[in-house]
Protein chains: 2
Amino acid sequence: MSDSLTERSRQILEAIIEDYIKTAEPVGSRSVTRRHGLSLSPATVRNVMSDLEELGFLASPHTSAGRVPTDKAFRFYVDSLLQVRAIDEEQRDEIRRHYRGQGRDVGEILKETSRILSSISHYIGIVVAPRFTANVFRQIEFVKLCGRRILAILVSESGVVQNRIVEANEEIPAEDLVRMSNYLNNLLQGLTISEVKTMIFREMESDRVRYDELMSRALKLSEQTLDEPDAEVFIEGQVNILEQPEFADVGRMKEIFRAFEEKGQLITLLDRCMDAERVNIFIGAENFLHRMTHMSVITAPYVSGRNTLGVLGVIGPTRMGYDRVIPIVDYTARMLSEILGNG
Amino acid sequence: MSDSLTERSRQILEAIIEDYIKTAEPVGSRSVTRRHGLSLSPATVRNVMSDLEELGFLASPHTSAGRVPTDKAFRFYVDSLLQVRAIDEEQRDEIRRHYRGQGRDVGEILKETSRILSSISHYIGIVVAPRFTANVFRQIEFVKLCGRRILAILVSESGVVQNRIVEANEEIPAEDLVRMSNYLNNLLQGLTISEVKTMIFREMESDRVRYDELMSRALKLSEQTLDEPDAEVFIEGQVNILEQPEFADVGRMKEIFRAFEEKGQLITLLDRCMDAERVNIFIGAENFLHRMTHMSVITAPYVSGRNTLGVLGVIGPTRMGYDRVIPIVDYTARMLSEILGNG
DNA sequence: GTTAGCACTCGATGAGACCGAGTGCTAACT
DNA sequence: AGTTAGCACTCGGTCTCATCGAGTGCTAAC
């Protein structure tokens, strides 16, 4: 398919796409010749554009408007035409600067990351927090609140904390809680959370535990602690899309904001990129969120050692500046990996 | 000032306000007579309306439109005319139902609370998480991550958890960390966080500690842990205001969304309600957020025992259904207090 | 004090004219 | 055969103008 394009067609397509990225408006044959030093007449360009429309790379909103690149065109652009630049030095420094304010809550770091992504890309930053299941267990602690209520705190190798209040059947003395957490910490050391789950299940069945009330109670509590809440996701900079001319229309905007309220769908989408090597791009309808028409998503996983922790990315209009944003996403993912990674 | 209004003027003002709340459109003299069984002619009503405008209760967008209640009118309405109903049974049940999914992370509960507020009021729900400073210290734990990095976990009496990664000057053995937390837990038991801060300061100066490296290190770590991050705030249902006809205008909408990005200002506003007895209302410009014109805020504090933990509320257009929303905010605050309160 | 009548205001709506960017086609040019 | 100039045509955007109707304020009568 891309072979069927002559060199000249490519050049013109690229010119149109780049124009469209700049202006958000249908591109006419004149502007192509004007803005790019191609020594061709508008009429010739028109012929080529007509062919490109035939091939599905361009669409015309109506007869007398210019033409607009389709999702297919952007896909081609990203795959074949785009030269990903190295990250801008200034931007790199800005990212580093944001991360400087050190020593905070992991959640804070993730939130800051999505703020960074949004403020530097001028689009929407998104970070999916690490799933517990993918993590390695480090420690569990029980803190007694009043009565039968216990605060369980679960810490993973990478320093992610999950805490929840559980209610025991009866009041448990503080010393017992310490013994319980010692027992569990020993038992579960070094396992991934999913291994932890099976381990707890197996241990509960074992004779040794079945008749030891303390242990079995400990296991029950930890079980309650483990069942995973919905993945947390940090989204920042939603206002930025209000600046985009193509969303001046109120109806379209509503759709977008609504899409962001359904975080579940977003998470599903980003989860699909967990195993990607590096940067991953969904263009327009490719993202399968019907509400997110005219939007593209650029993602990259962040890791700790060999372990993929989560995914981050930027959501912007389909006509976003891919060449600028891709390196930002890539670099930010690396920085975050470095900061969270402890190996 | 309210005395200067005759009974009839009041009735008419109320009718206008209620009409405006329903329709979001300027109210004319005819609609007042039509919709309300007042046996008065439009002409009479017009005279009264003219007086009300003189007094600053009404404003006319232009000569031939109807009239719109001013902030002052809404203030008067809320203070003097409004009969706050008891909460609707159905809504009460719905709130309870939302809270049923128990045993979660405190943060989760707060987020759910703001979701509840938004979905039941159909406006925007907002919850400011408890400040640490106002809380009573319960426990501190140190978890060793790799190298010199330590995860410090701070738990308050009410089960709120604050965690952050701190970096020590040198590697500290795990046993020492346990001893350090034991020392601190003993020292700080039962103090409020602000007392904790002074205590740490005093203790650091004491001779006993100055030459005990372990203790002084412990104090240093806890100091790092304590300095408070920005208060967390949960905002849900921002899309809901897109439904409000008065925000169909894109410019106005941008302003609102931008206001929500500056969470600091919102927090300042809500903080002012921390000491309020019960429900507190800011109407229109009263909230002092210049971006939030045409918006009102209804807040209520949530407590644990005598201790005010934080504030929650609903943000909606100035012409919101106060009679419906006030009991929702009030009831939700009570429920949340009950859930978090442990005494 | 209340009401009917009336002239007046002013935004909203819709029709018509016009403009201009852009297209597609044809015929001429290299 | 590919390229270009010329030209008729399309169609959204904008401007103007007339019209409509909800609503007002004023005056005079009840």
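The values are calculated or read from the model by the stated rules, or taken from the named source; none is laboratory data. All values derive from a computational prediction rather than experimental measurement. All Cβ positions, even for glycine, are placed from backbone atoms using ideal geometry, and neighbour counts span all protein chains on display. Ligands, DNA and RNA are stripped out before the accessible areas are found, and what is left, the full protein with its side chains, is counted by its heavy atoms. Shrake-Rupley method; radii C 1.70, N 1.55, O 1.52, S 1.80 Å.
Of note:
- Taking every Cα-Cα distance in region B:137-226 and sorting them into 5 Å bins from zero, the calculated P(r) comes out as 3, 14, 27, 28, 18, 8, 2 percent.
- Those residues of region A:105-128 whose amide nitrogen sits under 15 Å from the label point placed on A:Ile339, 7 Å along Cα→Cβ: A:105-121, A:125-128
- Area hidden from solvent between A and B (accessible, protein heavy atoms only, 1.4 Å, total, Å²): 3700 Å²
- Inter-copy spacing of A:Thr44 label points, which lie 7 Å from Cα along Cα→Cβ, given in nm from shortest upward: 8.4
- Residue mean of other protein chain beta carbons inside 10 Å, B:153-161: 5
- Value at 222 nm in deg cm²/dmol, rounded to 500, when DSSP H runs of n ≥ 4 in the protein assembly as shown each add -39,500 (n - 2.57): -14500 deg cm²/dmol
- Cut-off 19 Å, label 7 Å out along Cα→Cβ of A:Glu243, residues of region A:257-290 by amide N: A:257
- Inter-part distance where region B:126-166 and region A:111-148 are each reduced to a Cα centre, Å: 14 Å
- Take the Cα radius of gyration of the protein assembly as shown and divide it by 2.2 N^0.38 Å, N being the number of residues; the result is 1.13.
- Packing-based order for B:51-64, B:291-304, using average beta carbon neighbours within 10 Å, highest first: B:291-304, B:51-64
- Per residue of B:259-272, other chain Cβ atoms within 10 Å of the residue Cβ number 1 on average.
- Helix B:89-100 and the longest principal axis of the C-alpha atoms of chain B enclose an angle of approximately 20°.
- At 7 Å out from Cα toward Cβ: A:Asp249 inter-copy label distances (nm, ascending): 2.3
- Shape category assigned to region B:240-343 from the gyration tensor of Cα positions, a/c cut at 1.5: prolate
- Summed side-chain charge close to B:Glu286 - residues other than B:Glu286 whose Cβ falls under 15 Å, Lys, Arg +1, Asp, Glu -1: +3
- Crossing angle, helix B:106-121 versus chain B [Cα axis fit, 0-90 degrees, rounded to tens]: 0 degrees
- Cα gyration tensor, region B:7-81 - rounded (a/c under 1.5), prolate or oblate: rounded
- Springs join every pair of Cα atoms under 10 Å in this Gaussian network model of chain B, and among B:Met199, B:Met320, B:Met274 the largest mean-square fluctuation is at B:Met199.
- Accessible surface computed residue by residue for region A:215-289, with neighbouring protein chains in place and a 1.4 Å probe, gives 45 Å² per residue.
- The Cα center of region B:22-94 and the Cα center of region B:278-307 differ in position by 23 Å.
- Chain B - percent of accessible surface contributed by carbon and sulfur, probe 1.4 Å: 46 percent
- Between 0 and 90°, nearest 10: helix A:250-261 axis offset from chain A longest Cα axis: 30 degrees
- Heavy-atom surface of region A:53-200, accessible at 1.4 Å and reported per residue (Å²): 43 Å²
- Placing a label point 7 Å from Cα along the Cα-to-Cβ axis, B:Glu94 is separated from the same position in the other copies by 4.3 nm, shortest listed first.
- Take B:Met253: with every protein chain present and a 1.4 Å probe, its accessible area is about 0 Å².
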